[in-house]
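Here the structure comes first, spelled out in structure tokens, and everything after it is commentary.
The values are calculated or read from the model by the stated rules, or taken from the named source; none is laboratory data. Everything numeric here is computed off the predicted structure, so don't read it as measured data. No Cβ is skipped: glycine too gets one built from the backbone with ideal geometry, and neighbour counts run over all protein chains shown.
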Amino acid sequence: MQIFGVDIGGSGIKGAPVDLDRGDLAQERHKVLTPHPATPDAVVEGVCEVVEHFGWTGPVGATFPGVITDGTARTAANVDKSWIGTDIRKLVSDRLGGAPVTVLNDADAAGVAEMHFGAGQGRTGTVLMLTLGTGIGSALFTGGRLVPNTELGHLELHGHDAEKKASSKAREDEDLSWEHWARRVQKYLAHVEMLFSPELFIIGGGVSRKAHKFLPLIEGIRAEIVPAQLQNNAGIVGAAMAAAGEA
């Protein structure tokens, strides 16, 4: 079975039909840049461009970088604040001619995909998926079940919002070496480990493709730390799973 998944991020909007039997993209994904300012109307135009690129007319699953309850955005850290209170599900559905739309937090979507098809398969303890990108997204699982909308990238760390110091964007903006950035990520992981005592950290986001450059530099963390197996496609796969009722 194929369902369309689209992942709305702070820097890009990407999507593709997903083969839910394999947990992989059925076609090469299509990506457009996230507009700035990232207002609802502008971003939804991008979402529609991605969906229409494939001529897709069926159900769509969409991720959003913020807290989502009943298809509505409650926070908007890395997109325009006008998203807060927006019924994303209705907005996207209306623009797609009434297609059924399911919306969930972006890191939750990535985590669901990794737990079912990737690095979290078979793990029943406490697992924490962290997506290091424009911000830091988090997805917390216990007993294989998602605790939605944790938003742990906004924990305070040394007087700062953690994602302002340990996200992939922070590394790029400050031109940090991999070693310097790994120390920041290590401090963040130690803080989260103190709070939740996970048995496994799954590190996702686009930077997961370069996990060999920084994960071996992280020390002193008791939990196992692994890169996401679905890498930056995890959000698309998880969005499609949610639209199919599998998340």
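Of everything in the stretch 1-33, what is acidic (Asp, Glu) and touching a residue at least 60 places away in the same chain (Cβ under 8 Å)? Give them in sequence order.
Correct list: ASP7, ASP24.
Do any strands (runs of 3 or more DSSP E) entirely within the stretch 1-76 hold 2 or more residues that are within 18 Å of the chain's Cα centre (by Cα) and crowded, with 21+ Cβ neighbours inside 10 Å, and if so, which?
Filter on the stretch 1-76 gives 2-8, 12-19, 60-64.
Inside the stretch 34-44, can you point out the residues that are free of Cβ contacts under 8 Å to residues at least 12 places away in the same chain and either of a type in the set (Asp, Glu) or under 10 Å from ILE13 (Cα atoms) (or both)?
If the condition is that a residue be free of Cβ contacts under 8 Å to residues at least 12 places away in the same chain and either of a type in the set (Asp, Glu) or under 10 Å from ILE13 (Cα atoms) (or both), then PRO35, ASP41 are the ones that fit.
Determine the pairs where a residue that is closer than 10 Å to LEU132 by Cβ, located within the stretch 201-218, has a partner that is of a type in the set (Asp, Glu) with Cβ atoms under 9 Å apart, the partner being 6 or more residues away or on another chain.
Close Cβ pairs satisfying both conditions: GLY204/GLU114; PHE214/GLU179.
With more than 22 Å from SER197 (Cα to Cα) and in contact (Cβ under 8 Å) with a residue 60 or more places away in the chain as the only criterion, which of GLY98, GLY133 stands out?
Result: GLY133 is the single residue among GLY98, GLY133 that is more than 22 Å from SER197 (Cα to Cα) and in contact (Cβ under 8 Å) with a residue 60 or more places away in the chain.
One line per residue, one yes/no per condition, for (1) under 18 Å from the mean Cα position of the chain (by Cα); (2) more than 18 Å from GLY61 (Cβ to Cβ); (3) at pLDDT 95 or above:
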| site | (1), (2), (3) |
| --- | --- |
| VAL192 | yes, yes, yes |
| ILE218 | no, yes, yes |
| VAL226 | yes, yes, yes |
| GLN231 | yes, yes, no |
| ALA240 | yes, no, yes |
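Please verify whether GLY85 is within 17 Å of LEU200 (Cα to Cα) and either free of Cβ contacts under 8 Å to residues at least 60 places away in the same chain or out of contact with any helix residue (DSSP H, G or I) (no Cβ under 6 Å at 6 or more places or on another chain) (or both), treating the condition exactly as stated.
Values: within 17 Å of LEU200 (Cα to Cα): no; either free of Cβ contacts under 8 Å to residues at least 60 places away in the same chain or out of contact with any helix residue (DSSP H, G or I) (no Cβ under 6 Å at 6 or more places or on another chain) (or both): yes.
It is false that GLY85 is within 17 Å of LEU200 (Cα to Cα) and either free of Cβ contacts under 8 Å to residues at least 60 places away in the same chain or out of contact with any helix residue (DSSP H, G or I) (no Cβ under 6 Å at 6 or more places or on another chain) (or both).
Quick check, is GLY205 within 11 Å of the chain's Cα centre (by Cα), at pLDDT below 95 and buried (at least 17 other Cβ atoms within 10 Å of the Cβ)?
Working: within 11 Å of the chain's Cα centre (by Cα): yes; at pLDDT below 95: yes; buried (at least 17 other Cβ atoms within 10 Å of the Cβ): yes.
In short, yes.
Does THR72 count as free of Cβ contacts under 8 Å to residues at least 40 places away in the same chain and β-branched (Val, Ile, Thr)?
yes
It is to be established whether one or more residues within the stretch 77-90 are at pLDDT 95 or above, in the same structural domain as LEU215 (by TED's automatic domain parsing), outside any strand (DSSP E or B) and surrounded by fewer than 24 Cβ atoms within 10 Å (Cβ to Cβ).
No, that holds for no residue.
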